[in-house]
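Read through the structure below, which is laid out as structure tokens, and then see the notes.
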Amino acid sequence: MLPNVTTVDEHIALHPPATQRLLQGIRVRFAQMLPEATECINYGIPTLKYRKRNIIHYAGYPHHIGIYPGSQVVAELAAELTAFTCAKGTVQLPLTEPFAYDVAERLLQRRLEHFAQTGK
């Protein structure tokens, strides 16, 4: 379980330097993809909000970074995610080099497409 934090910077600082770099990389890429979003902590982890909606969450752990785009996105992209551990609404990206930034970006892209279609 992760300690309580109130900012994304605090969450990132909890992790070893190598994981911090990966988390910062996700943060930067997500901000580039959705510059209108705001960062916050929801459910104890970094979250991007857009138009008052949680769009995607992410968090660092000892052996992976969890990306939380929602269960519908994970189900829709299941065929593309077979190399990763997935659960309902969650994809675990291992802390390996090269890191799977492309997968994180694809998850956010599909989440944004879903949001554009449904408003949720």
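Could you please report the charge total around Leu77, scoring K, R as +1 and D, E as -1 over all other residues with beta-carbon less than 14 angstrom from its beta-carbon? Net charge in that neighbourhood comes out at -1. The order of Ile65, Ile45, going from fewest to most other C-beta atoms within 10 Å of their C-beta, is Ile45, Ile65.
Taking the Cβ of Thr47 as the centre, find all other residues whose Cβ is under 13 Å away and add up their charges (Lys, Arg: +1; Asp, Glu: -1). Walk me through the numbers on the way to the answer.
Working: positive: Arg27, Lys49, Lys52, Arg53, Arg111; negative: Glu39.
In short, +4.
With a Förster radius of 35 Å applied to the beta-carbon distance between Glu39 and Ala83, the computed FRET efficiency rounds to 0.80.
Note on Gln72/Gln24: beta-carbon distance plugged into 1/(1 + (r/R0)^6) with R0 of 22 Å gives a FRET efficiency of 0.20. Charge tally for Ala100 (other residues, Cβ to Cβ under 13 Å; Lys, Arg +1; Asp, Glu -1): -2. Model label sites at Glu97 and Lys120, defined 7 Å from Cα along the beta-carbon direction, differ in position by 4.3 nm.
Toward the positive end of the charge dipole of the stretch 8-118, with +1 on the Cβ of Lys and Arg and -1 on the Cβ of Asp and Glu, the farthest Cα among Pro94, Gln24, Gly44 is that of Gly44.
Could you give the length gained on full extension between Arg51 and Ala13, defined as 0.36 nm per residue of separation minus the Cα-Cα distance, in nm?
Here the answer is 10.9 nm.
Bear in mind these aren't lab numbers, they're just calculated from the coordinates by the rules spelled out. Please read all numbers here as calculations on a predicted model, not as lab measurements. Neighbour counts are summed over all protein chains in view; Cβ atoms, including those assigned to glycine, are modelled from backbone coordinates with ideal geometry.
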